[in-house]
């Protein structure tokens with residue numbers, strides 16, 4: 001399982017551990033990923049995703065999963081998230 005957020009594309013970064021003596025050793029900064037089930041109002045079901053804590057706050061800020069995916073760039077989304085986005089768009093088109 002890769003350490004990449006399915007909604008934002010946020011992944012590991014690299015940097016240095018710096019000791020008091022200024023010795024530098026390489027290290028990785030991993031994103032704060034959580035397995036969550038987000039509810040889609042349009043689909044009427046939950047969607048399991050592995051997203052960062054920052055993405056979870058963004059989803060809440062935008063008013064839910066449907067609103068977040070509507071504004072999200074397709075390049076940043078994972079394959080699973082793109083599939084859900086297309087399902088939501090199809091369901092919204094059918095009801096309108």
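The values are calculated or read from the model by the stated rules, or taken from the named source; none is laboratory data. Being a predicted model, the structure only gives us computed values, none of them experimental. Here the Cβ positions follow ideal geometry from the backbone for every residue, glycine too, while neighbour counts run over all protein chains shown.
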Open item on the list: Looking only at the range 36-57, filter to residues that are in contact with a strand residue (DSSP E or B) (Cβ under 9 Å, 6 or more places away or on another chain) and part of a helix (DSSP H, G or I); which one of those is surrounded by the fewest Cβ atoms within 10 Å (Cβ to Cβ)?
Closed with: 53
Task: residue 85 vs. criteria buried (at least 16 other Cβ atoms within 10 Å of the Cβ), out of contact with any strand residue (DSSP E or B) (no Cβ under 8 Å at 6 or more places or on another chain) and at pLDDT 95 or above - done: yes
Open item on the list: If residue 75 meets every condition in (1) at negative phi; (2) touching a residue at least 24 places away in the same chain (Cβ under 8 Å); (3) surrounded by 11 or more Cβ atoms within 10 Å (Cβ to Cβ) apart from one, which number is that one?
Closed with: (3)
Task: Test for residue 20: is it out of contact with any strand residue (DSSP E or B) (no Cβ under 8 Å at 6 or more places or on another chain), modelled with pLDDT of 95 or more and part of a loop (DSSP other than H, G, I, E, B) - done: yes
